[in-house]
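Enquirer: Below is a structure I'd like to ask you about.
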Amino acid sequence: MLDLLLRGGTVVDGTGAPARRADVGIRDGRLVTGGELTGELAADVLDVSGLVVCPGFIDMHAHADLALLREPAAPDALLQGVTCEVLGQDGLAYAPIDDTIAAELHARIRSWNGPEPPGGLTWTSVADYLDRVDGAGVNVAYLAPHGTIRMLAMGTEERRATAVEMTTMRRLLAEALTDGAVGMSTGLTYVPATYADTTELIDLCRVVAAHGGFFAPHHRSYGAAAMAAYAECVEIARASGAALHLTHAHLSFPVNRGRARDLLTLVDQARADGVDVTLDSYPYLAGASYLHAFLPSWIQAGTVDQVIDRLADPRVRARLHDDLEVNGCDGSHGLPVDWSTVLVSGVEHEADAGVVGSTIAEIAARQGVPPLDAYCDLLISNRLGAMCLVFAGDEDNVRAILQHPAHMAGSDGLLEGERPHPRAYGTFARYLAWAVRDEGLVSIEEMVRKMTSAPAGRLGLADRGRIRPGMAADVVCLDPATVQDRATYENPRQPPQGIAHVIVNGSVAVQDGQLTGALAGRSLRRSPGSVRTPPQERSE
C-alpha cells in the first residue's frame with residue numbers, strides 16, 4: 001500500500017524533459033511513479049488535477065542558519081516550495097566555532113541571522129551543527145565558511161596567513177568536509193575573508209577538491225572590478241581543481257549595465273576548458289546585506305568594539321569620506337556610494353526605528369547632517385546590527401543570467417529586520433510567475449530543472465531533484481496559472497500563492513497552501529569519498 005497517492009497531476013520531472021500526465025505515489029519516504037496508478041491502494045490520496053507535480057525546490061543560497069533553530073517550521077521556505085536550503089554562505093557562518101570567536105562572529109553577522117537560538121551557540125563542529133538542524137521543516141546542506149575558519153586560525157587581522165595558520169585552516173576545512181559539508185563558501189568583501197589573497201584560496205580549494213566538494217565564493221566586487229573578481233574565482237577553480245559555483249551572480253551598479261554577456265562568456269570559456277562552473281541568482285534588482293558592508297576593510301580589522309571606536313573618531317570619518325564618497329573602496333565595490341540607493345531595512349536600537357524604510361540620503365536630510373555622518377551614527381547606535389537594501393541591479397543582466405544553462409535558483413534570503421528583502425519569501429514563485437509565465441524567458445520544464453536536478457547535482461545529492469522511482473519524496477504541487485510571489489519591498493513577509501502542496505521526505509508539510517506542522521527535514525551530509533559529477537543540464 002502507498003502512504004500517499006498524488007492523482008491526476010502533470011509531472012515536470014526536474015530533468016528538463018517535457019511535462020507528462022502521471023500519478024505519483026509515495027511509500028516509505030520514496031517515490032513510486034507511473035502512468036495511472038489505478039491498481040494501487042493508498043492510505044491517503046490528494047487530487048492534484050490541474051497542478052504541476054515536480055521535485056521540491058533547492059535553494060542554493062539561504063541564510064536560515066539560526067532561524068531554523070528558533071523556528072524549525074521554516075514557513076518562508078516551505079510555503080514557496082523549498083524543501084532543501086544550502087546554509088553556511090558567504091564565508092561567515094556558525095560552524096565550526098569555539099568559545100573564543102563565537103561572540104565576535106555573532107556580533108558581526110547577527111543582523112543576517114537574528115538572535116541566538118534557545119540555549120545559545122552550544123555546538124562546535126559542523127557535525128554538531130548538522131545534528132542540531134536535523135528534523136527542521138526542510139532539508140539542509142551546509143558549506144564550510146572560509147571567513148569563520150580564518151577567524152579560528154588567526155582572528156580578524158588584516159594580513160596574510162602564516163604557514164602554521166594555513167596548516168590550521170586546511171585541517172579545520174578538512175574536518176568540516178569530513179563532517180558532511182558539501183563545499184566551502186567565502187565572502188571576499190567581508191572581514192576577515194577579504195584579507196585572504198588568491199594563493200590562500202587556491203590552497204584551501206585544493207582541500208575542497210580532494211573531498212569532492214565545490215567552492216562557492218561571494219567574489220571581491222560587484223561593481224568597478226566585477227569582471228576581474230569573477231575571473232579570480234575561475235582562476236582559483238582552475239588552479240585547485242575544485243568545482244566552482246558563483247553565488248548570487250549579479251552584475252550591479254550603472255557601470256555594469258548590460259555586461260552579463262561578459263560574465264557568461266567567461267563562464268562558457270571556462271567550462272569549455274574543463275572547469276566545472278555553475279552559478280545562481282535571485283530575480284530581483286535590489287541587493288541586501290548588513291549596513292556595515294560598505295565600510296572599507298581597513299576599518300573593520302579587530303573587534304566590533306574597535307570598529308565602533310574608529311567610527312566615532314572625526315579623523316577616521318574624514319578618511320571614510322574619501323573612501324566612500326569620493327574614490328570608492330573594497331566595501332563599496334570600488335565605487336562612490338550613492339546614498340539615495342541605500343535603504344535601511346532593519347535596526348536593533350529602538351530609538352532608530354523611525355528610519356526603517358528610508359534611504360541614508362533621506363535620513364541625513366531629515367537630520368540636517370551629511371549622509372556619511374548619518375550612516376556612521378546608525379552603525380554606532382546599533383553596534384553594527386542594522387540591515388539595508390541596495391537598489392543597484394540591472395534587469396537586462398538578471399534576465400540574461402537566469403537563461404544560461406549553468407544557472408540555478410538561490411534566494412539569498414535574509415530573514416531579519418523590520419522590512420527584509422522580499423526574495424526570502426518570493427524567489428521561487430517569482431521565477432515561475434515572472435520568468436516563465438509572464439515573460440517566457442525559459443520554459444517551466446527548464447525553470448524547474450534549475451531549481452531541482454541541477455542544484456541536486458551540484459550538491460552531490462543523487463537521490464534528490466527528480467520525479468523518478470526510488471528518489472526521495474521531496475515534492476511540490478503548484479498551479480502554473482496562478483503561482484505568484486506576493487512579497488514586496490514594503491510588505492515582504494507575504495507567502496506566495498499557487499503553491500498547493502509541499503512534501504518533504506514523504507511527509508506533507510504544506511497542504512492546500514497551509515503549513516501542517518510536519519518537521520520531516522534532514523541534514524544532507526556529503527558522503528565521505530563521494531565523487532563529484534557535473535550537474536545535469538537540460539534534456540534534449
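The values are calculated or read from the model by the stated rules, or taken from the named source; none is laboratory data. The model shown is predicted, which means the values in this text are computed figures rather than measured ones. Here the Cβ positions follow ideal geometry from the backbone for every residue, glycine too, while neighbour counts run over all protein chains shown. Heavy atoms of the whole protein, side chains included, go into the accessibility calculation; ligands, DNA and RNA do not. Shrake-Rupley method; radii C 1.70, N 1.55, O 1.52, S 1.80 Å.
Enquirer: Find how much the distance from R261 to E439 grows on full extension, using 0.36 nm per residue of separation minus their present alpha carbon separation; answer in nm with one decimal.
Expert: On the way: separation 178, 0.36 × 178 = 64.08 nm, distance 1.95 nm.
Going from the current span to full extension adds 62.1 nm.
Enquirer: Further question: In the chain, carbon and sulfur make up what percent of the accessible area (probe 1.4 Å)?
Expert: Details: 9020 of 18160 Å².
Its accessible area is 50 percent carbon and sulfur atoms.
Enquirer: Set the Förster radius R0 to 25 Å, insert the Cβ-Cβ distance between V326 and I380 as r into 1/(1 + (r/R0)^6), and round the FRET efficiency to 0.05. Intermediate results must be reported in sequence, preceding the final value.
Expert: Values: r = 22 Å, r/R0 = 0.88.
Between V326 and I380 the formula returns 0.70.
Enquirer: Under a point spin-label approximation (7 Å from Cα along Cα-to-Cβ), what is the E235-F391 distance to one decimal in nm?
Expert: It is 3.7 nm.
Enquirer: Give, as ranges by residue number, the residues of the stretch 43-59 whose backbone N falls under 18 Å from the point 7 Å along Cα→Cβ of A481.
Expert: Within reach of a label on A481, which here means backbone N under 18 Å from a point 7 Å along Cα→Cβ, the stretch 43-59 contributes 47-53.
Enquirer: Related question: At what distance in nm do the modelled label points of L285 and A107 sit from each other, each positioned 7 Å from its Cα along Cα→Cβ?
Expert: 3.9
Enquirer: What are the ³J(HN,Hα) values, in whole Hz, obtained from phi via the Karplus relation 6.51 cos²θ - 1.76 cosθ + 1.60 with θ = phi - 60°, for each residue of the stretch 343-351 in sequence order, with x given for Gly and Pro?
Expert: 9, 6, 10, x, 9, 9, 7, 4, 5
Enquirer: With labels modelled as points extended 7 Å from the Cα through the Cβ direction, what inter-label distance (nm, one decimal) is found for R319 paired with A163?
Expert: 3.3
Enquirer: Can you give the FRET efficiency for A210 and R20, using 1/(1 + (r/R0)^6), R0 = 60 Å, r = Cβ-Cβ distance, to the nearest 0.05? Before the final figure, lay out each step's value.
Expert: Values: r = 41 Å, r/R0 = 0.68.
Result of the calculation: an efficiency of 0.90.
Enquirer: Another one. Based on the Cβ-Cβ distance of D28 and A228, what FRET efficiency does E = 1/(1 + (r/R0)^6) give at R0 = 41 Å, to the nearest 0.05? Write down the numbers at each step before the final one.
Expert: Values: r = 51 Å, r/R0 = 1.25.
The formula returns an efficiency of 0.20 here.
Enquirer: Using helices alone, I'd like the mean residue ellipticity at 222 nm for the chain: each DSSP H run of four-plus residues gives -39500 (n - 2.57), total over residue count, nearest 500.
Expert: Values: 18 runs with 166 residues, N = 540.
After summing the helix terms and dividing by the residues of the chain, the value is -9000 deg cm²/dmol.
Enquirer: Something else: Determine the distance separating the Cα centre of the stretch 122-144 from the Cα centre of the stretch 366-434; give it in Å without decimals.
Expert: Between the Cα centre of the stretch 122-144 and that of the stretch 366-434, the gap is 26 Å.
Enquirer: Also, quick follow-up: With θ set to phi - 60° and the Karplus curve 6.51 cos²θ - 1.76 cosθ + 1.60, what are the ³J(HN,Hα) couplings of the stretch 331-339 in order, to the nearest whole Hz, using x for Gly and Pro?
Expert: x, 9, 6, x, 10, x, 6, 9, 5
Enquirer: Tell me the per residue accessible area of the chain using a 1.4 Å probe; a whole number in Å² is fine. Could you put the intermediate results ahead of the total?
Expert: On the way: 18160 Å² over 540 residues.
Counting only protein heavy atoms, the per-residue value for the chain is 34 Å².
Enquirer: Apply the Karplus parameterisation 6.51 cos²θ - 1.76 cosθ + 1.60, with θ equal to phi minus 60°, to every residue of the stretch 271-276 and state each ³J(HN,Hα) to the nearest whole Hz, in sequence, with x for glycine and proline.
Expert: Result, rounded to whole Hz: 5, 5, 7, x, 7, 7.
Enquirer: Once you charge only the Cβ atoms, +1 for Lys and Arg and -1 for Asp and Glu, what is the size of the charge dipole of the stretch 382-540 about its Cα centre, to the nearest 20 debye? Intermediate results must be reported in sequence, preceding the final value.
Expert: Working: 19 positive and 18 negative charges, 150 e Å.
Value, rounded to 20: 720 debye.
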